[in-house]
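Read-outs: derived from the displayed coordinates by stated rules, not from any lab. Here the structure is a predicted model, which is why all the values come from computation and not from measurement. With ideal geometry, Cβ positions are generated from the backbone for all residues, glycine too; neighbour counts draw on all protein chains shown.
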Amino acid sequence: MNKINFTRVLLGGLVAGVVLNIGEVILNDLILGAQMKNFLDRLRLPDPGSSFIAVAVILTLVIGVVIVWVYAAMRPRLGPGPKTAICAGVIAWIFVCVYCGVINGIILQVPTNVLVIGIVWCFVEYVLAAIAGAWLYKEE
């Protein structure tokens, strides 16, 4: 079939977005929490408030939906399954984590170790999210 099941894209995408949001909480609060606090203090920035967190959570859910939509669009050419899901996750990782991470890291002078940890973590996070979201996608 060549028709995308948008209901399943939304369902799988929300699951992928939840995986991404959980990964972001683990990374930014538990793993890099102290470094993030020092970084914000160095730039004299306040801790992110509830409005920032709400926007970040919503945008991350949207990214999850986009990942599953890309997966659904790739399925006719690459076939269903984890390989295609991983490709969709890597595409999103390049645009979101690598591009934005490096550009913002240079501009804001993020320490190299924090930048590398974030990009590597993000790779795993995006691949797992794509697989989880793709698992729920069906074209019927």
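Can you give the angle from 0 to 90° between the axis of helix 50-78 and the longest principal axis of the chain, with both taken from C-alpha atoms, to the nearest 10? Taking Cα atoms only, the helix is inclined about 30 degrees. Computing Kirkwood radius over Cα pairs in Å directly from the structure and comparing it against (i) 14.8; (ii) 15.7; (iii) 17.7 singles out (ii).
Taking a point 7 Å from the Cα of Val120 along the Cα-to-Cβ direction, none of the residues of the stretch 3-47 has its backbone N closer than 11 Å to it. Across the stretch 128-134, computed HN-Hα scalar couplings (Karplus, 6.51 cos²θ - 1.76 cosθ + 1.60, θ = phi - 60°) run 4, 5, 5, 5, 4, x, 5 Hz from first to last residue, x flagging Gly and Pro.
Roughly how many Å is it from the Cα centre of the stretch 62-83 to that of the stretch 1-41, as a whole number? Spelled out, the Cα-based centre of one part sits 17 Å from the other.
Any number yet on Rg/Rh for the stretch 38-79, C-alpha, Kirkwood?
Details: Rg = 17.1 Å, Rh = 12.9 Å.
With Rg and the Kirkwood Rh in hand, the quotient comes to 1.33.
Measuring nothing but how far apart in sequence close Cα pairs (under 8 Å, 6+ apart) lie, relative to its length, the chain scores a relative contact order of 44 percent. Taking Cα atoms only, the orientation of helix 82-93 departs from the longest principal axis of the chain by about 40 degrees.
Applying both filters, DSSP loop and at most 15 other Cβ atoms within 10 Å, to the trypsin sites (Lys or Arg not before Pro) of the stretch 1-104 gives Lys3, Arg44.
Restricting the chymotrypsin sites (Phe, Trp or Tyr not before Pro) of the stretch 98-140 to loop positions (DSSP other than H, G, I, E, B) with no more than 16 neighbouring Cβ atoms within 10 Å leaves nothing. Checking Cβ-Cβ separations below 4.7 Å across the chain identifies Cys87, Cys100 as cysteines lacking any candidate disulfide partner.
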